[in-house]
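All remarks here apply to the structure that follows.
The values are calculated or read from the model by the stated rules, or taken from the named source; none is laboratory data. All values derive from a computational prediction rather than experimental measurement. When we count neighbours, we look across all protein chains shown, and the Cβ atoms used for this are built from the backbone with ideal geometry, even at glycine. The protein model used for the area step is the full one, side chains on, heavy atoms only, and it has no ligands, DNA or RNA in it. Shrake-Rupley method; radii C 1.70, N 1.55, O 1.52, S 1.80 Å.
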Amino acid sequence: MFCFCFSLSKCLRFCCESFLGNGETFAAQRKGSVVLLSLSIILAIFFQYFFVPELFLVDKSHSFFWHAMTSLTGLDQVIDRAWRSGYCATNFGSGDKYDSRYYQDCVGNTGVFRPTSIAFLFFFISMIFSIIQPPISNAASSSRSWWPEKYLIYFILICFSIFLPNEPFFNGRGCYFIFRAGSILFIVLQQIILIDIAYKWNEAWLDRANECDAIAWRSGIKWLRAIVTMCIILYSLCISGIIMLYHYFAKSGCGENKLIITLSCLGIIAVTGLQLYTCESSLLSSAVISTYITYLAYNIVSKNPNGVCNPALGKSDTFGIIVGLSLTMVSLAWTGYSWTADDPWTFQG
Amino acid sequence: MKLYIYSNCLRLSRNTDFMSTGSSPEDSRYITQLEGSNINEPFLPRALDTERTNTFMNMSFTWKLNAILCVVTCWVAASLTSWGSVQVMVNHDGNFAAANPLVGHVNMTMIGVSQWIAIILYAWTLVAPRLYPDYDFSP
């Protein structure tokens, strides 16, 4: 008993020290964190699209995966019971109202929640520790990288979570609401960061123009010309983007897409007109926001599940699935990489 | 003439800061600590200077980095599971659409919401100084 307690405390101390180890540069921390996020994205997609379909195979005798699992005695049944249990079984497990695809999709969602909730926990604990900085050890003051330890803890937790049943955490009441609330927060935060970047860009170039003017009279005009050129480039991108969207995504019968593109167009006109009327901000900020709105409009219509209205929808052959899944991985990892860029954080620093 | 008006607009632009994070007492303490440790050095080379700012950033931005990674993880989980809804995606050829994990009406709606949040927030930054001329928006 004493031995167990001792090793447990050792283990806890190890974990705390690894989470406290912040003796790196910001760039190194960001790299490590984004790699961890990408790993959990890859694992989530693996669980959702390879692991769960294997779990729902009717005939498991030909599956290499299940041969491997049954050779480790008992583990396959533990995993099968753990993943099928919980609210998915009670909602979709029986009855002829739903076919087994809904059940499979529900279990696939819990497969996404396993790695992502552990990554969430990981970042959350790191955040708490970096705020309060408990004086457990002098790990924080050492300048070496603690990422190997952090990855080790992460993989141990992932292996542990595979055997964990759905019910206490990965159900409709636990993860779902945390993730929905966090995503709404992210949506708002994204827009604030982007508007901030749009303002800061104009500020930076105006400052350069003023600096040049201070050295030689009217020499700052080249920076003002650069701003106007950038505006023209961004607005032409924006207009050609809208035209392309109307051409490819707004076919007859796609009222949804037409509505979305028209609304974005109206939003761009409204924002630009308002800016020119009030003279409050600058045209460059409006150009950045307009281009962003166009990009988001493309992002919306490219997620239309109706294949007639969405030429970007891939085919469901093996090649299409591999391309689609890897594109998804890259785009999600890019979300993590770009929104943690140092620029918004270091402008004040 | 028009160009002149535009550049006038550019000149008039305000210094509006959303992300302004006033320096907390902890930060200033850290600065004094750093300065105290380097007080005997008469001259600081540029490389050392950037290293010092890196360490400073490290201390005060770590929690922000982790906070934004938390919400990005939430976003990833929500968009991969289409916000926790259970739906079967069918392509126009009637197959299960594993090639398009992010496709769905829920994700469309949420990106649309974020688009309109961007438009409304930006419009607000334009209108707010007009509506409340007495309020000082610059940090």
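Local charge for A:F249 was computed over the other residues whose Cβ lies under 13 Å away, with Lys and Arg +1 and Asp and Glu -1, and equals +2. For the peptides A:80-88, A:113-121, the ranking by mean Cβ contacts within 10 Å, running from highest to lowest, is A:113-121, A:80-88. Cα centroid separation, region A:243-302 to region A:149-216: 24 Å. Net charge in the neighbourhood of B:A77 (other residues with Cβ under 13 Å of its Cβ; Lys, Arg +1, Asp, Glu -1) is +2.
A simple spin-label model places pseudo-atoms 7 Å from Cα toward Cβ; at A:I132 and A:I232 they are separated by 5.8 nm. Note on A:27-36: average number of Cβ atoms from other chains within 10 Å of each residue's Cβ is 3. Between chain B and chain A, roughly 9000 Å² of accessible surface gets buried, counting both sides and using a 1.4 Å probe. Two numbers describe the Cα atoms of region A:176-315: Rg and Dmax, which are 18.8, 61 Å. Loop only per DSSP, at most 15 neighbouring Cβ atoms within 10 Å: give me the chymotrypsin sites (Phe, Trp or Tyr not before Pro) in region A:167-238, ordered by residue number. Sites meeting the loop and neighbour criteria: A:W217. Scoring A:299-309, B:70-80 by mean Cβ neighbours within 10 Å over their residues and listing the highest first yields B:70-80, A:299-309. Pairs with C-alpha atoms separated by more than 22 Å, drawn from the list A:K31/A:K150; A:K258/A:K303; A:K200/B:K64; A:K150/B:K64; A:K10/A:K31, are A:K10/A:K31.
Is there a simple number for the mean count of other chain Cβ atoms within 10 Å of the Cβ of residues in A:111-121, and what is it?
Numbers: counts 2, 8, 4, 0, 3, 8, 3, 1, 7, 8, 2.
Taking the mean over all residues of the peptide, I get 4.
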